[in-house]
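Visitor: Dumping the structure here so I can ask a few things about it.
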Amino acid sequence: MNKLYVGSSTEKKIKRGVQLLDDKDCYQAKGDDQLVGLYNQSHQFLGTAYLSRQNKGRGWFLSPKKVTLTEAYFFNLFRIAKERRQPFENSDFTTSYRLFNQDGDNFGGITVDRYADFAVFSWYNPFVYQHRDTIVKAFQQAYPEIKGGYEKIRFKGLNYESAHLYGQEAPSHFTILENGVKYSVFMNDGLMTGIFLDQHDVRNALINELGLGKRVLNMFSYTAAFSVAAAMGGAVETTSVDLAKRSRELSKAHFESNGLDLAAHHFVVMDVFEYFKYAKRKHLTFDVIVIDPPSFARNKKHTFSVAKDYHRLISQALDILADDGIIIASTNASNVSVAQFKKQLEKGFASVKHDYLRLQQLPSDFTVNEADAVSNYLKVFTIRVKK
């Protein structure tokens with residue numbers, strides 16, 4: 001194992017419990033995709049890390065001990081992760097949740113999600129991909145009940161994004177349960193699966209308290225999972241808006257899985273900013289507006305960044321929000337802190353009176369590294385607006 005000497009700021013960061021390493025931490029590194037022993041400037045051993053470039057960061061700290069990446073090592077990680085998730089394992093109402101979550105489960109660069117009888121592995125860098133056979137064998141030992149696995153490639157350099165990995169193959173579409181609601185999912189069609197599992201607590205709030213009797217607008221709706229939750233919670237009408245044409249059929253599949261009548265549920269293929277203008281022209285109003293954009297998006301007319309542009313979504317939503325209405329403002333941008341996100345919201349509200357009812361972050365199956373705020377990337381504010 002090669003040695004990597006790091007500066008005092010990196011040493012402090014590691015001792016605080018941060019596992020994600022960036023270029024500044026690894027400036028003396030010679031090469032990528034390797035396990036390294038980390039040492040401070042006094043040549044004292046700090047622990048084991050691996051180097052591999054991914055969307056965020058240059059590598060991950062693994063342990064203050066020397067580590068060998070054996071099947072037994074990964075089995076132990078999966079065993080501990082499984083014990084943490086016993087409430088989900090024992091649930092009759094939820095069959096889909098996260099089984100392993102990067103540094104929250106002490107190994108960055110990998111996530112594993114459960115969709116009923118199937119698992120989806122996401123590889124975030126070439127190093128973990130190189131070790132995937134060992135990782136998958138350990139996983140099968142820890143989860144013999146899972147019938148088959150799929151993989152998603154979340155780094156550049158390979159000529160595919162998604163593939164069947166082991167065991168039984170899933171149907172092209174099948175339903176999972178979340179909080180008693182059925183959702184139609186697919187395992188092997190690009191990087192998406194039909195639902196974002198990290199939002200299950202937010203959907204539960206729509207089912208249990210926020211949907212009843214309400215007209216709900218769901219912006220950047222993807223497959224309209226928020227809308228389905230609201231409908232199951234008694235919403236009288238939902239409107240789901242997304243620019244992707246494919247979203248309409250995928251959204252309907254969720255509604256049909258639950259036997260919901262589509263008459264009161266609308267699916268609009270349109271840019272959200274154009275829809276805000278359209279709704280204002282038509283004097284449409286909504287009791288609840290859900291806003292969950294991608295961190296960064298570009299189309300022919302607009303470039304959108306959460307860090308700079310979210311306030312525009314809030315200010316335009318206010319034009320079509322009923323009095324005493326609710327805005328659910330969400331972002332998964334890990335580079336935007338809770339304080340920065342709130343600043344964008346405040347800019348959008350300007351002088352309009354509003355109360356923050358709650359902040360929801362990642363649910364308990366998405367274990368986070370408490371020492372690193374970046375690990376807890378999801379931020380969802382539920383806000384009551386008094387106009």
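The values are calculated or read from the model by the stated rules, or taken from the named source; none is laboratory data. Remember, predicted model here, so these are calculated numbers, not experimental data. Backbone-built Cβ (ideal geometry, glycine too); neighbour counts: all protein chains shown. Remember, those area values only see protein heavy atoms, side chains included, never the ligands or the DNA or RNA. Shrake-Rupley method; radii C 1.70, N 1.55, O 1.52, S 1.80 Å.
Visitor: Could you state the number of Å between the C-alpha centres of the range 1-23 and the range 66-90?
Guide: Comparing the Cα centres of the range 66-90 and the range 1-23, I get a distance of 24 Å.
Visitor: In a GNM of the chain with a 10 Å cut-off on Cα contacts, which of 264, 329, 119 has the highest mean-square fluctuation?
Guide: 264
Visitor: What list of ³J(HN,Hα) couplings, whole Hz, do you get for the range 151-165 from phi and the Karplus terms 6.51, -1.76, 1.60, once you set θ to phi - 60° and write x for glycine and proline?
Guide: Rounded to whole hertz, the list is 10, 10, 9, 10, 9, 8, x, 9, 9, 8, 10, 8, 7, 6, 10.
Visitor: For the chain, take the alpha-carbon Rg, divide it by the Kirkwood Rh, and send me Rg/Rh. Show your work: numbers first, answer last.
Guide: Numbers: Rg = 22.1 Å, Rh = 22.3 Å.
When Rh is taken as the Kirkwood radius, the ratio is 0.99.
Visitor: OK, next. Can you list the HN-Hα couplings for the range 68-81, worked out from phi with the Karplus curve (6.51, -1.76, 1.60; θ = phi - 60°), rounded to whole Hz and with x for Gly and Pro?
Guide: 10, 7, 9, 4, 5, 4, 6, 4, 5, 4, 5, 4, 5, 4
Visitor: May I pose another question? Skipping prolines and chain starts, which residues have an amide H placed within reach, meaning under 5 Å, of the one on residue 119, given they are 5 or more residues away or on another chain?
Guide: 148, 149, 150
Visitor: Report the convex hull volume per residue for the range 120-279, counting only C-alpha atoms, in Å³. Let's see the in-between values first.
Guide: Details: hull volume 21.4 nm³, N = 160.
Enclosed volume per residue, from the Cα hull, is 134 Å³.
Visitor: Follow-up question, since we're still on this one. State the percentage of accessible surface on the range 196-385 attributable to carbon and sulfur atoms; use a 1.4 Å probe and exclude ligands, DNA and RNA. Intermediate results must be reported in sequence, preceding the final value.
Guide: Values: 4190 of 8220 Å².
Carbon and sulfur: 51 percent of the exposed surface of the range 196-385.
Visitor: Moving to a separate point now. Say a paramagnetic label sat at a point 7 Å from the Cα of residue 364, along Cα to Cβ; which residues of the range 195-214 have their backbone N under 17 Å from it?
Guide: Residues 198-205 fall inside that zone.
Visitor: While we're on this one: Over the chain, with the other protein chains present, what is the accessible area per residue in square angstrom, probe 1.4 angstrom?
Guide: Numbers: 17310 Å² over 387 residues.
Averaged over the residues of the chain, the accessible area is 45 Å².
Visitor: What's the angle, to the nearest 10 degrees (0 to 90), between helix 338-349's Cα axis and the longest principal axis of the chain?
Guide: 20
Visitor: Right, next: Grab the alpha carbons of the range 7-81, take their convex hull, and tell me the volume per residue in Å³. Write out the running numbers ahead of the final one.
Guide: On the way: hull volume 7.9 nm³, N = 75.
Per-residue hull volume (Cα only) is 105 Å³.
Visitor: Still on this structure: So what's the back-of-envelope 222 nm ellipticity for the chain, counting only DSSP H runs of four-plus at -39500 (n - 2.57) apiece and dividing by all residues, rounded to 500?
Guide: Details: 11 runs with 103 residues, N = 387.
One gets -7500 deg cm²/dmol as the mean residue ellipticity at 222 nm.
Visitor: Moving to a separate point now. Looking at the P(r) of the range 37-141, how many percent of alpha-carbon pairs lie beyond 18 Å?
Guide: Tail of the P(r) past 18 Å holds 52 percent of the pairs.
Visitor: Continuing with this model, one more query. Restricting to the chain, what percent of DSSP beta bridges are antiparallel, rounded to 5?
Guide: Values: 50 of 79 bridges.
The antiparallel fraction comes to roughly 65 percent.
Visitor: When the Karplus curve 6.51 cos²θ - 1.76 cosθ + 1.60 is applied with θ = phi - 60°, which whole-Hz ³J(HN,Hα) does each residue of the range 41-57 get, with x for Gly and Pro?
Guide: Result, rounded to whole Hz: 5, 8, 6, 8, 6, 9, x, 9, 9, 10, 10, 5, 6, 9, 3, 10, x.
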